[in-house]
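A.B. asks: Take a look at the following structure, please.
The values are calculated or read from the model by the stated rules, or taken from the named source; none is laboratory data. Predicted model, so just to flag it, every value in this text is computed and none were measured. Here Cβ is always computed from backbone atoms with ideal geometry, including for glycine, and neighbour counts include all displayed protein chains. To get the accessible areas, we keep the full protein, side chains included, count just its heavy atoms, and leave off ligands, DNA and RNA. Shrake-Rupley method; radii C 1.70, N 1.55, O 1.52, S 1.80 Å.
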Amino acid sequence: MSYYTERHGMRAPIEKTYTISIEMYSLLFDCCARFFDNVAWQYPAECPDGNGCCGLDFGKLSVAMSFEIPELFRNQYGIIDKPQKNYSEADEYNQYALLDFIEFMYGTCKDISSRWWHSYHRHDDISFSDTKASANEFRMAVNAIFEKTGLLYNLSEYGMVERIVENSTLSKETETAVAQIKEKGIRELLNGAILSYKTPAPSARQNAVEKIWDALERLKTYYTSMDKKSSASKIVADMANGQSSYIDLFNAEFKALTDIGNKYRIRHHETDKIDINDDRYYDYFFNRCLSLIALAIQYLK
C-alpha cells in the first residue's frame, strides 16, 4: 500500500541501515509474537483435560532460548522480551540474536489445522499440520518490516536472514553461474564467500573477502593440464576473445587484485599487511574481485 505523500513525492526517503533500533526491534519482536501459536507444538501449554496443546508455554520457550540463542534480549525477570524505549542500556541488546530468533521462528512455524474453543478452561485447543503456509506468511511479514523500516536485510525462503548490499555486483545470475562451475574447489570457495558476504554480522565480511581471494588464486589454476601461469593466460585470452587490448586490460586487473591481496590484510592470519579498518572497504574489495571472477567464469571451457 502506498500513501498519498509517497505517491506525490512528499515524503522523505527512508534511510537505509543495518542497525536495528529499539523501535525496529519492537516491530520485529511483535511480528514474531503474532506467530507464537504456530510454534506452540514444540513448546506446548497442556490442556488440563488432556486435549493436548492449548497454546504456547512462553516459559518453556524462554528456557529453550537460553540454549538456542543465549544472547537474545531478556527483561528484568529473565524472560525473552523487547527492549523498552526508555531502556538506559540500549547498547546491550544484540540485534543479531534477534535475527537468529527470526530464523528460529521461520524454521519452527507449523500451520494450525484446527482450533476448538474449550469453554470450561476458556482457551483454544490446537492441533497442527506439517504444512508451512504460516511460515511463508511470517517471512512476508518480516520482510515487509525490513522494507518499511529501511533495514537492509531479507529473510530468504531457505530461512536465512541475508544482508542486502545495494548496487552490489552479486546477482542471481552470478550465483547461478557459480553453481555451474565444474571445478569443485573454486565452486565451494565462491559459495562460501557469497554466504559470508550475505551474513548480517560485520565480522563475516573479512571471511567473505578472504574466501573470494582464495577463489581468485584457485581460478588461475583452473586448467590442470597446464602450469598456473599458462592456465591464467588461457583464461585471460578467452575472456578477451584474443584481442590484445583486452588481454592487457584483464592481465592488469588480475595483477591489481593479486597486489591488493599481497598488500592488505585480506587473510585473517597475516599480521604484516595493511589493516582494513572500515567494514565498507570489505564490500568494495569483495565486489571488485567478484566482478572479475563473474566475467571470467563465463568463458571457462
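A.B. asks: Can you name the helices (runs of 4 or more DSSP H) wholly within the range 1-90 that have at least 1 residues being over 27 Å from Asn154 (Cα atoms) and open to solvent by less than 60 Å² (accessible area, probe 1.4 Å)? Spell out the reasoning first.
C.D. replies: Values: elements: 4-7, 22-33, 58-68.
Of the helices (runs of 4 or more DSSP H) lying wholly inside the range 1-90, those with at least 1 residues that are over 27 Å from Asn154 (Cα atoms) and open to solvent by less than 60 Å² (accessible area, probe 1.4 Å) span 58-68.
A.B. asks: Test of understanding: among Ile247, Ile276, Ile260, which residue is at pLDDT 90 or above, assigned to a loop (DSSP other than H, G, I, E, B) and either of a type in the set (Val, Ile, Thr) or more than 22 Å from Lys229 (Cβ to Cβ) (or both)? Break it down into steps so the answer makes sense when it comes.
C.D. replies: Details: Ile247 fails: assigned to a loop (DSSP other than H, G, I, E, B); Ile260 fails: assigned to a loop (DSSP other than H, G, I, E, B).
Result of the check over Ile247, Ile276, Ile260: Ile276.
A.B. asks: If the requirement is being among the β-branched types (Val, Ile, Thr), surrounded by 12 or more Cβ atoms within 10 Å (Cβ to Cβ) and over 34 Å from the mean Cα position of the chain (by Cα), which of these qualifies: Ile212, Ile247?
C.D. replies: On the way: Ile212 fails: over 34 Å from the mean Cα position of the chain (by Cα).
None of the others qualify; the one that does is Ile247.
A.B. asks: Can you confirm whether the range 127-134 contains a residue that is open to solvent by 50 Å² or more (accessible area, probe 1.4 Å), at pLDDT 85 or above, among the hydrophobic types (A, V, I, L, M, F, W, C) and closer than 13 Å to Asn38 by Cα?
C.D. replies: Yes: one or more hits.
A.B. asks: Follow-up. Does the range 216-223 contain at least one residue that is farther than 18 Å from Lys301 by Cβ, hydrophobic (A, V, I, L, M, F, W, C), part of a helix (DSSP H, G or I) and touching a residue at least 60 places away in the same chain (Cβ under 8 Å)?
C.D. replies: First pass over the range 216-223, keeping only residues farther than 18 Å from Lys301 by Cβ: 216-217.
Right, trim to hydrophobic (A, V, I, L, M, F, W, C) and you get 216.
Checking which are part of a helix (DSSP H, G or I) leaves us with 216.
Next cut, touching a residue at least 60 places away in the same chain (Cβ under 8 Å) only: 216.
The answer is yes; a qualifying residue exists.
A.B. asks: Could you grab the pairs with beta carbons closer than 9 Å, sequence gap of 6+ or different chains, first residue in the range 187-208 and closer than 19 Å to Ser156 by Cβ and part of a loop (DSSP other than H, G, I, E, B), second one open to solvent by less than 30 Å² (accessible area, probe 1.4 Å) and not hydrophobic (A, V, I, L, M, F, W, C)?
C.D. replies: Close Cβ pairs (under 9 Å, with a partner that is open to solvent by less than 30 Å² (accessible area, probe 1.4 Å) and not hydrophobic (A, V, I, L, M, F, W, C)) amount to Thr199/Arg163; Thr199/Arg205; Pro200/Gln95; Pro200/Tyr153; Pro200/Arg163; Ala201/Arg163.
A.B. asks: I've got another one for you. Which residues, taken from the range 55-79, are over 15 Å from Ala40 (Cβ atoms) and either in contact with a strand residue (DSSP E or B) (Cβ under 6 Å, 6 or more places away or on another chain) or of a type in the set (Phe, Trp, Tyr) (or both)?
C.D. replies: Phe67, Leu72, Phe73, Arg74, Tyr77
A.B. asks: Identify the residue in the range 270-301 that is in contact with a helix residue (DSSP H, G or I) (Cβ under 8 Å, 6 or more places away or on another chain) and farther than 30 Å from Thr176 by Cβ and, among all such residues, is surrounded by the fewest Cβ atoms within 10 Å (Cβ to Cβ).
C.D. replies: Step one: list which residues in the range 270-301 are in contact with a helix residue (DSSP H, G or I) (Cβ under 8 Å, 6 or more places away or on another chain), which gives 273-274, 276, 279, 282-283, 285-286, 288-290, 292-301.
Still in the list and also farther than 30 Å from Thr176 by Cβ: 273-274.
On the way: Lys273: 13, Ile274: 10.
It comes out as Ile274.
A.B. asks: Moving to a separate point now. List, please: which pairs have Cβ atoms under 7 Å, are six or more places apart or on different chains, and start with a residue in the range 274-301 that is at positive phi and end with one that is assigned to a helix (DSSP H, G or I) and basic (Lys, Arg)?
C.D. replies: none
A.B. asks: Working only within the range 1-29, note down all residues that are out of contact with any helix residue (DSSP H, G or I) (no Cβ under 9 Å at 6 or more places or on another chain) and under 30 Å from Thr108 (Cβ atoms).
C.D. replies: Going residue by residue through the range 1-29, those that are out of contact with any helix residue (DSSP H, G or I) (no Cβ under 9 Å at 6 or more places or on another chain) are 1-9, 12-13, 15-16, 26.
Listed by number, the residues that qualify are Met1, Lys16, Ser26.
A.B. asks: Which residues, counting only those in the range 250-269, are surrounded by fewer than 14 Cβ atoms within 10 Å (Cβ to Cβ), over 27 Å from the mean Cα position of the chain (by Cα) and of a type outside the set (Gly, Ala, Ser)?
C.D. replies: Lys255, Asp259, Asn262, Lys263
A.B. asks: Shifting gears a bit: Restricted to the range 228-244, and to residues that are under 21 Å from Leu189 (Cα atoms) and free of Cβ contacts under 8 Å to residues at least 12 places away in the same chain, which residue is surrounded by the fewest Cβ atoms within 10 Å (Cβ to Cβ)?
C.D. replies: Lys229
A.B. asks: May I pose another question? Condition first: in contact with a strand residue (DSSP E or B) (Cβ under 7 Å, 6 or more places away or on another chain), open to solvent by 10 Å² or more (accessible area, probe 1.4 Å), under 30 Å from Glu217 (Cα atoms) and modelled with pLDDT of 95 or more. Can you find one or more residues in the range 151-162 that meet it?
C.D. replies: yes
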